[in-house]
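Contents: one structure, followed by commentary.
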Amino acid sequence: MQLLLARIIDGLSNGATYAAIALALVLIFKATTLINFAQGSLAMLGGFVVYVLAAEQGIPIWIALLIAMLLSGVFAAGVERTLIRPFDPADHLPLVIITLGLLLGIDSIAGVIWRNDPRAFPSLFPEGNVFAWGTTTLRWYDLGVLVSVLVMVFLLEVLLNKTKVGLAFRAVSSNLESSRLVGIKVGQTLMFGWALAAAVGTLAATLYISSPIRQIEPTFMLRVLIFSTAAAALGGLDSIRGALIGGLLMGLIQAFFGYLSGWSKDWAWLPDIGNELNLATAFVVLLGVLLVRPAGLFGTKAIERV
Amino acid sequence: MSLLDVTQGSSQHRTVQGISLLVAAFIALAIPFFFDETWKFSPPLIVGDFTIGMNQILTAMAWAVAILGLNLLIGFTGQISLGHSFFVGTGAYTTGVLMIDYGWSFLATLLVVVPSCFLLGMIVGVPALRIKGLYLALVTLVLSVIFPTIVRLDGLASWGGDDGGVAKGTRGSNGLNVDTPFDPPSWLPIDGMSDFFQGIPLIGSIFGEGELGRRAPERIWQYLLALAILLVMFWLARNVVKSRVGRAFIAIRDNETSASAMGKNVTARHLQVFILGSAICGIAGAMLTTLDGQLTPGSYQPLRFTFLIWIMVIVGGSGNNIGAVLGGFLIWFLWVQVEPIGHWLMGLITSGMTDGSALKAHLLASAAHMRLMTMGMILLLVFRFSPRGLVPER
């Protein structure tokens, strides 16, 4: 029981970061029906900026985080302007390959700059536990991640629903051509969407990596990206609420698999599905969603005229 | 009228075609008798040697097979898959394990590789292809990223049990080492062929006479096998595309709604081509296993691999098999040669700096990362200025 509870807490705090990256994916998907495979790498870059500012330059970490979110937003807006906008948004093929290339490119640049050795990351939250009950502990980190992601989702909802730029973004998401006709600057709005997504990603990466048991290295976001794509599909690729719930669910499913694999050691005939196949839970979830409910839990069902 | 001006379909045209076919066949057959493992040449202007060995030529041929598989999918049906490295890896490991642990011959392993890739392709394709949009890309991306972890599974790493302290199976992080030579069959007169090429007047000496000696018969046989596989796959891909099914593929790609209105089953065709492409990629993987020497989940980077096949198809021209294969050879050559050029370039840039400075060491070390950058630049340039590739679809 205690172990299960510990797993659930673990799952929720992992799930919150998956939710944040899923949210970044959803923001871009809503606007352009493109899945930005480089989202994880952009977030990783943001995480490293936080690392450089906080650990190497000694800036307080929360201020470093804000600066990094701003910088990564500017960078992503530049990427959108130079690499994405020249191509036809309806033709997925070049865009998918460009985002994949971006993923590999950013990863390899980070590999050149920071090498592939893991480094300790300064923590965002106080150390220690909020409470402990036997092996079940709720760390300040877990609580902090959950609260931060919830606050972020709240702010995002406010931004999208109560501000003018949010209104423009929703208009572009709903119909690109019509919003151009009513005078919305579509290009700038999409750039804003990319910047917003990258800032959200940087926050997610920083939250994820500031866990006391993790260290920062150039490929750490690939795992998160895999879980987050599954989470986004689970919640519905075009729903912000879906991304949040999908992310948390994905974290719980992963934790539950981990819990089960503790049992599977007792059955010799079962292969050890422990840590190694952790990533495969994302694959199973993804296939399950596609088989049972392709639009996801909260997504809009695609209705086609044939 | 110039000498090269011939009417299509005339007897002259057929003569020209026949002669070029003969020349192509001669060159294709002569290659293994010409190149050895480290054949070098030094082009003017660029400092440094380019090395082309048999290993690289054979690798390029394996890539070409993978390209044919992927081109069926993206070129002729417009589906986006990022997971073909999964099938390449599956083929590679199946062949590797069967050859090392069970002593199967290379061709026999293909009888296992093809059906298993068919089956896996179906398991992945059925859920993903029912839904339009980027879902196939999503599923296959996840699939290719988890491939190395599947290989490292304890169950698979030693499922053949222990054989005198040596585990059979995928061997986890240690990787496979396939060094079984390809013993040529007795009916193949490799010596005779060698004699033939060396006996050609004037140029006979370049086919390994003198101090270089003759080329290894195992390598020659391996090359001939790879050539045969490549030709069969090419013929297969061509026939699929030219058939009724192939026309349906293109109709669906160009306008899904109208194709389905004409009674074409879109999902079934997509699934068909996905499975076929998976099996072809499995064969490519089987060919790659016998080359790299070492197959480790650490060195096998699925995404990078996928990206490279994609660039090859796009640069060559998606929807055109000849173009795609040529693009494959071109990109593979660049991929291999960019590193020496990068080292030379970095050497030039850093030559003014003082020895031992941190920046100089850093720049020199980063030359190894030039490859991906170069590929990205090429991709962007092709997308921008020639989106249909070097040899566009006819």
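Please treat every number below as a calculation from the coordinates, not as lab data. It should be emphasised that the depicted structure is a prediction, and the values quoted were computed from it without experimental measurement. Virtual Cβ from ideal backbone geometry, glycine too; neighbours counted across all protein chains shown.
The table for this structure:
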read-out: Nearest-0.05 FRET efficiency for B:A268 and B:V232, computed from C-beta distance (R0 25 Å); value: 0.50
read-out: Difference of contour (0.36 nm per residue) and Cα-Cα distance, A:I113 to A:L150; value: 10.0 nm
read-out: Cα gyration tensor shape for the protein assembly as shown, rounded if a/c is under 1.5, else prolate or oblate; value: prolate
read-out: Distance violations [Cα-Cα > 20 Å] among A:K301/B:K264; B:K132/B:K264; A:K164/A:K301; value: A:K301/B:K264; A:K164/A:K301
read-out: Estimated inter-spin distance, B:F196 and A:A55, nm [label 7 Å along Cα→Cβ]; value: 6.4 nm
read-out: Computed lengthening from B:L119 to B:R388, 0.36 nm per intervening residue step minus Cα-Cα distance; value: 93.6 nm
read-out: Cα extents of segment A:2-292 along the three principal axes, largest first (Å); value: 63, 50, 38
read-out: Protection proxy ranking of A:289-295, A:106-112, B:383-389 - average other beta-carbon atoms within 10 Å, highest first; value: A:106-112, A:289-295, B:383-389
read-out: Overall form of segment A:184-256 per C-alpha gyration tensor (a/c, 1.5; a/b vs b/c); value: oblate
read-out: Rel. contact order, % - alpha carbon contacts under 8 angstrom, at least six apart, segment A:2-292; value: 38 percent
